[in-house]
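S.K.: Okay, here's the structure, questions in a sec.
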Amino acid sequence: MAVTGSEEAQVGASICRSGATTGWRCGTVEAKNQTVTYPQGVVYGLTRTDACAEPGDSGGSFVSGDQAQGVTSGGSGDCSSDGVTFFQPVAPILEEWDLELFTD
């Protein structure tokens with residue numbers, strides 16, 4: 001699948017993610033601008049989805065259609081009993097590190 005941009009998906013939109021442990025999993029955007037407390041600290045501005053993930057999936061990409069959405073941050077549950085997964089939206093990543101998204 002070729003990514004053609006990074007238009008932000010709205011709450012309720014279909015979304016898919018790729019992970020080293022579970023491969024491609026899809027779900028729905030459930031909420032935005034979420035604050036999550038991990039053992040390593042608090043992370044702000046995450047997007048919550050119901051696309052399951054498991055340990056080892058962190059850092060994988062999130063896409064909605066052909067639009068880049070972000071990078072898997074973490075979550076709870078697993079793929080055998082559903083779960084919640086959070087991702088860091090791509091726009092703040094690009095801005096923070098002065099990066100440009102190159103597309104096909």
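S.K.: Go through (1) surrounded by 13 or more Cβ atoms within 10 Å (Cβ to Cβ); (2) at pLDDT 95 or above one by one and return the number of the condition GLY77 breaks.
M.R.: GLY77 satisfies all of (1) surrounded by 13 or more Cβ atoms within 10 Å (Cβ to Cβ); (2) at pLDDT 95 or above except (2).
S.K.: Taking the range 74-87 as the region of interest, how many residues are in a loop (DSSP other than H, G, I, E, B) and in contact with a Ser or Thr (Cβ under 6 Å, 6 or more places away or on another chain)?
M.R.: Number satisfying all stated conditions: 1.
S.K.: Of (1) in contact with a strand residue (DSSP E or B) (Cβ under 8 Å, 6 or more places away or on another chain); (2) farther than 27 Å from THR103 by Cβ; (3) not in a strand (DSSP E or B), SER58 satisfies all except one. Which?
M.R.: Going through (1) in contact with a strand residue (DSSP E or B) (Cβ under 8 Å, 6 or more places away or on another chain); (2) farther than 27 Å from THR103 by Cβ; (3) not in a strand (DSSP E or B) one by one, SER58 breaks only (2).
S.K.: Would you check if VAL71 is among the hydrophobic types (A, V, I, L, M, F, W, C), in contact with a helix residue (DSSP H, G or I) (Cβ under 7 Å, 6 or more places away or on another chain), in a strand (DSSP E or B) and at negative phi?
M.R.: Numbers: among the hydrophobic types (A, V, I, L, M, F, W, C): yes; in contact with a helix residue (DSSP H, G or I) (Cβ under 7 Å, 6 or more places away or on another chain): yes; in a strand (DSSP E or B): yes; at negative phi: yes.
Yes.
S.K.: For the list (1) aliphatic (A, V, I, L, M); (2) within 20 Å of THR103 (Cα to Cα); (3) in contact with a Gly (Cβ under 8 Å, 6 or more places away or on another chain); (4) touching a residue at least 40 places away in the same chain (Cβ under 8 Å), I need the number of the one condition that VAL71 fails.
M.R.: Single failed check for VAL71: (4).
S.K.: A follow-up question, please. Out of everything in the range 2-19 that is within 12 Å of the chain's Cα centre (by Cα) and not in a strand (DSSP E or B), what residue ends up being surrounded by the fewest Cβ atoms within 10 Å (Cβ to Cβ)?
M.R.: Filtering the range 2-19 for residues that are within 12 Å of the chain's Cα centre (by Cα) and not in a strand (DSSP E or B), the one surrounded by the fewest Cβ atoms within 10 Å (Cβ to Cβ) comes out as GLU8.
S.K.: Could you please find all residues in the range 77-104 being closer than 16 Å to GLY19 by Cα, without any contact (Cβ under 8 Å) to a residue 60 or more places away in the chain and within 14 Å of the chain's Cα centre (by Cα)?
M.R.: GLY83, VAL84, PHE86, GLN88
S.K.: I want to confirm something. Restricting to the range 20-47 and keeping residues that are in contact (Cβ under 8 Å) with a residue 12 or more places away in the chain and outside any strand (DSSP E or B), which single residue is surrounded by the most Cβ atoms within 10 Å (Cβ to Cβ)? Give the derivation first.
M.R.: Start the filter on the range 20-47 by keeping residues that are in contact (Cβ under 8 Å) with a residue 12 or more places away in the chain, which leaves 20-22, 25-34, 36, 38, 43, 45-47.
Then keep just the ones that are outside any strand (DSSP E or B); that gives 20-22.
Details: ALA20: 13, THR21: 13, THR22: 18.
Among residues in the range 20-47 that are in contact (Cβ under 8 Å) with a residue 12 or more places away in the chain and outside any strand (DSSP E or B), the one surrounded by the most Cβ atoms within 10 Å (Cβ to Cβ) is THR22.
The values are calculated or read from the model by the stated rules, or taken from the named source; none is laboratory data. All of these numbers come straight from a predicted model, not from anything done at the bench. Don't worry about glycine lacking a Cβ; one is built from the backbone with ideal geometry, like all the others, and counts go over all protein chains shown.
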